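The values are calculated or read from the model by the stated rules, or taken from the named source; none is laboratory data. Predicted, not measured: the structure shown is a model, and the values here were computed from it. Here the Cβ is made from the backbone with ideal geometry for all residues, glycine too, and neighbour counts use every protein chain on show.
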Amino acid sequence: MDCQRHLFDIPVDIAYLDCAYMGPLMGQVLAAGRGGLSRKARPWELTTDDFFGDANRLRALMAQLMNGRAQDFALIPSVSYGMAVAAKNLDVAAGSEVLVLDRQFPSNVYAWREKARANNAALNTVSRDEGQSWTEVVLDAIGPQTSVVALSHVHWIDGGVIDLVAVGQKARTHGAALVLDLTQSLGALPFDAAAVDADFTIVANYKWLLGPYSTGFLHVAERHHHGLPLEQCWQSRDRAENFAGLTDYHDDMSAGATRYDMGERCNFALLPAAEAALTQILSWGVENISKTAGRHTAHLADIAKDYGLHGDDEPLRAPHYLSLRLPDDAPDDLQQLLRAQNVFVSRRGDRLRITPHVWVNEADIERFGAALKSAL
Ligand SMILES: Cc1ncc(COP(=O)(O)O)c(C=O)c1O
């Protein structure tokens with residue numbers, strides 16, 4: 001792919017290598033958001049479709065992005081919300097284990113700590129040794145005692161990638177549920193919902209999906225389409241389009257995963273922005289994004305080696321994710337030192353996390369090398 005910087009508002013002297021922290025909004029996404037927000041300035045122009053159309057178009061785009069079906073998606077505000085839905089709808093038997101990764105993102109840990117505690121079950125936190133893959137340790141840890149496997153596709157700190165098809169197969173063999181947080185991968189790493197067959201798959205929109213904050217998606221396997229939502233959202237009820245008849249209360253929920261939608265899901269400003277971003281990602285193609293980001297991380301890794309910083313090579317790490325181990329003598333304020341040179345990356349624990357996307361150019365990569373040289 002050619003560099004797509006012209007679509008973003010990133011000044012020439014900024015090397016933004018931190019998509020895992022926050023994906024920037026493209027010009028067309030911002031315009032769609034502004035257009036959406038302005039609908040609320042003229043409420044007399046709103047139609048019933050404004051409450052349903054945006055959400056349904058988004059479900060259809062998500063279905064394309066991850067080989068799912070539109071009816072399997074619910075609109076949610078955050079990963080923590082999606083995890084709460086999953087925890088509410090899965091059985092964790094006394095004495096069983098919920099499996100999570102060492103240093104997993106907290107939204108995919110707290111819900112399971114609580115669920116395990118409430119059911120006299122245990123949390124099994126698996127770690128890996130250097131050179132070992134997450135896939136290997138997860139497959140080893142799944143057994144008859146496992147009730148839930150709660151993972152990501154890519155570890156948010158070390159960038160380690162997991163073979164979710166293999167994990168899904170093993171989990172099913174033991175009757176364990178699979179719950180996924182794709183926030184650090186979807187949009188930059190191909191994912192096939194049909195092949196993985198997870199129970200609940202959750203993604204926040206504001207990183208690799210390049211969408212607005214406070215929006216996300218929950219993909220729900222058909223076997224859970226009759227479960228319990230967190231909220232009693234009136235828009236998720238059958239016949240909700242008939243505003244005049246809303247007080248003819250009834251118990252019928254809309255078909256599919258819509259029952260899990262958050263309240264006020266039809267956010268006029270945010271949903272058009274999310275739609276514009278997803279449309280662009282689909283038009284680039286996730287394979288192409290992955291290859292482009294992979295080319296950048298390979299180049300950045302080469303430069304970092306000269307300064308004693310090493311990360312895992314593919315296939316242990318995902319192409320879009322470079323996580324460098326810092327030497328013991330690295331300055332504590334390395335992130336700030338780089339920032340002072342207009343190089344934006346994240347420090348997470350003992351790692352420097354560098355996550356480029358399609359806006360990155362050669363000048364950014366050179367700036368990274370020069371900043372590293374002066375900081376170390
Ligand atoms: C892997 C992962 N999951 C989820 C989130 C965000 O979670 P939430 O939407 O609950 O704030 C982040 C943010 O850094 C993340 O890295």
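Report yes if some residue within segment 130-145 is at pLDDT below 95 and away from the ligand (no atom under 16 Å from the Cβ); otherwise report no.
yes
With the requirement that a residue be of a type in the set (D, E, K, R), touching a helix residue (DSSP H, G or I) at 6+ places or on another chain (Cβ under 9 Å) and assigned to a loop (DSSP other than H, G, I, E, B), what does segment 204-230 give you?
none
Which ones in segment 109-125 are over 28 Å from Arg259 (Cα atoms) and within 16 Å of the ligand (Cβ to nearest atom)?
Residue satisfying the conditions is Thr125 alone.
Quick one: Gly349 ticks every box in (1) crowded, with 17+ Cβ neighbours inside 10 Å; (2) within 22 Å of the chain's Cα centre (by Cα) bar one, so which box is it?
Every listed condition holds for Gly349 apart from (1).
Hey, can you tell me all the residues within segment 62-108 that are near the ligand (Cβ under 10 Å from one of its atoms) and free of Cβ contacts under 8 Å to residues at least 24 places away in the same chain?
Pro106
Restricting attention to segment 162-179, and to residues there that are in contact with an Asp or Glu (Cβ under 9 Å, 6 or more places away or on another chain) and surrounded by fewer than 24 Cβ atoms within 10 Å (Cβ to Cβ), which single residue is nearest to Asp313 (Cα to Cα)?
Looking at the filtered set, the residue picked out is Val165.
Report, ordered by the first and then the second residue, all pairs with beta carbons closer than 9 Å, sequence separation of six or more or different chains, a first member in segment 320-339 that is in contact (Cβ under 8 Å) with a residue 60 or more places away in the chain and surrounded by 12 or more Cβ atoms within 10 Å (Cβ to Cβ), and a second member that is assigned to a loop (DSSP other than H, G, I, E, B) and among the hydroxyl-bearing types (Ser, Thr, Tyr).
If the second residue must be assigned to a loop (DSSP other than H, G, I, E, B) and among the hydroxyl-bearing types (Ser, Thr, Tyr), the pairs left are His320/Ser185; Tyr321/Ser185.
Going by the conditions given, is Thr215 β-branched (Val, Ile, Thr) and under 14 Å from the mean Cα position of the chain (by Cα)?
For Thr215, the condition - β-branched (Val, Ile, Thr) and under 14 Å from the mean Cα position of the chain (by Cα) - is met.
One line per residue, one yes/no per condition, for (1) within 13 Å of the ligand (Cβ to nearest atom); (2) surrounded by 24 or more Cβ atoms within 10 Å (Cβ to Cβ); (3) not assigned by TED's automatic domain parsing to the domain that holds Met62:
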| position | (1), (2), (3) |
| --- | --- |
| Asp197 | no, no, no |
| Ile202 | yes, yes, no |
| Tyr206 | yes, no, no |
| Leu228 | no, no, no |
| Glu231 | no, no, no |
| Gln235 | no, no, no |
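From the list Thr183, Thr201, pick out the single residue that is in contact (Cβ under 8 Å) with a residue 12 or more places away in the chain and not in a loop (DSSP other than H, G, I, E, B).
Sole residue among the options that is in contact (Cβ under 8 Å) with a residue 12 or more places away in the chain and not in a loop (DSSP other than H, G, I, E, B): Thr201.
Please go through (1) touching a Phe, Trp or Tyr at 6+ places or on another chain (Cβ under 6 Å); (2) without any contact (Cβ under 8 Å) to a residue 60 or more places away in the chain for Trp359 and return the number of the only condition it doesn't satisfy.
(2)
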